[in-house]
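Reading through the structure tokens given below for one structure.
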Amino acid sequence: MAKGLNVIITGSTGMVGRSTLNECLVNDKIAEILVINRRPVGIMHPKLKEIIHLDFSDFSSLENELPQYDACFHCMGVSSVGKNEAEFTKYTYDVTKSLVDTCYAANPDMVFNYVSGAGTDASAKGKIMWARVKGKTENYVLNKGFKDAYMFRLGALLPEGDVSSGTSWYKYIYSIMKPFYPIMKKLKSVTTSSKFGKAMINSIAANQDLKYLEGVDINYLATKE
């Protein structure tokens, strides 16, 4: 590889984004990382630059900060629990659309990776609300016209090291599941923090045939060099 890659990460204060950030910090393929957060991630590193941006409904003010980046890893997400479709759309589709539009305006030659979820409905017409909204969001990303785009349909993610969920009931579930991690790691549909981060990086290091990546595909991509 001629030079290291510059990447943008959203959601790095959450479990998925932190998994991605941790791997980018130690991976030689990555030269520079920009994290866009509402609150500080709490890490100091020579590779790392942070922008605190409070209004995730509008990223347009950041356009001039982004042209030098090769990829955006959009890991930010919210649970659909307790939200109606309008609310979930606001925090999922609308936020992603604003980020996509700003990244594309800054550099259409960027690769854009969106973390959706296992079970996402590509038709955007199914009966399950969250799957419908995430399917609509995936379609917007894929059809925008970036150099490339990958939809990471993450299922079960096992946290490693300092990675943890910011959601209290997720933390409780993970604490119960922890004794079963060694068994769960053997399942093809389950991935780990480090594998997920490696797969994110490998997706932009070389073009991939699959645009929708399920758990088994994520694990396979993590092994490619």
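Any read-out appearing in this document is the output of simple, stated calculations on the displayed coordinates, not a laboratory observation. Being a predicted model, the structure only gives us computed values, none of them experimental. Because the Cβ atoms are built from the backbone with ideal geometry, glycine has one as well, and the counts that use them run over all protein chains shown.
Residue by residue, what Karplus-based ³J(HN,Hα) values in Hz, rounded to whole numbers, does the stretch 50-61 have, using 6.51, -1.76 and 1.60 with θ = phi - 60° and x for Gly and Pro?
So the Karplus estimates, Gly and Pro as x, are 10, 10, 8, 10, 7, 9, 7, 7, 8, 9, 4, 5 Hz.
Output the DSSP H helices from the chain with an along-axis C-alpha extent of no less than 27 Å and a mean Kyte-Doolittle hydropathy no less than 0.5. Don't skip to the end; give the middle numbers.
Numbers: long enough: none.
TM-like helix candidates: nothing returned.
Sum up the lysine pairs in the stretch 1-100 that clear both bars: alpha-carbon distance under 29 Å and a spacing of 8 or more or different chains.
10
Using a Cα-Cα cut-off of under 27 Å, which lysines could be cross-linked to Lys178, ignoring same-chain neighbours fewer than 8 residues away?
Lys186, Lys188, Lys195, Lys198
Taking K and R as +1 and D and E as -1, what net charge do the other residues with C-beta under 11 Å from the C-beta of Ala106 add up to?
On the way: positive: none; negative: Glu63, Glu65, Asp101, Asp109.
Neighbourhood net charge equals -4.
Need one number: nm distance between label points at Ser60 and Lys188, each 7 Å from Cα along Cα→Cβ, rounded to one decimal.
Output for this residue pair reads 4.7 nm.
Determine one quarter of the surface area of the Cα convex hull of the chain, which equals its mean projected area, and express it in nm² to one decimal.
Values: hull surface 48.0 nm².
Convex hull of Cα atoms, orientation-averaged projection: 12.0 nm².
About the Cα centre, and with charges only on the beta carbon of Lys, Arg (+1) and Asp, Glu (-1), how big is the dipole of the chain? Nearest 20 debye, please.
Using Cβ point charges on Lys, Arg, Asp and Glu, the chain gives about 760 debye.
Can you pull the one-decimal nm distance between simple spin-label points at Lys127 and Lys49, each 7 Å off the Cα toward Cβ?
4.9
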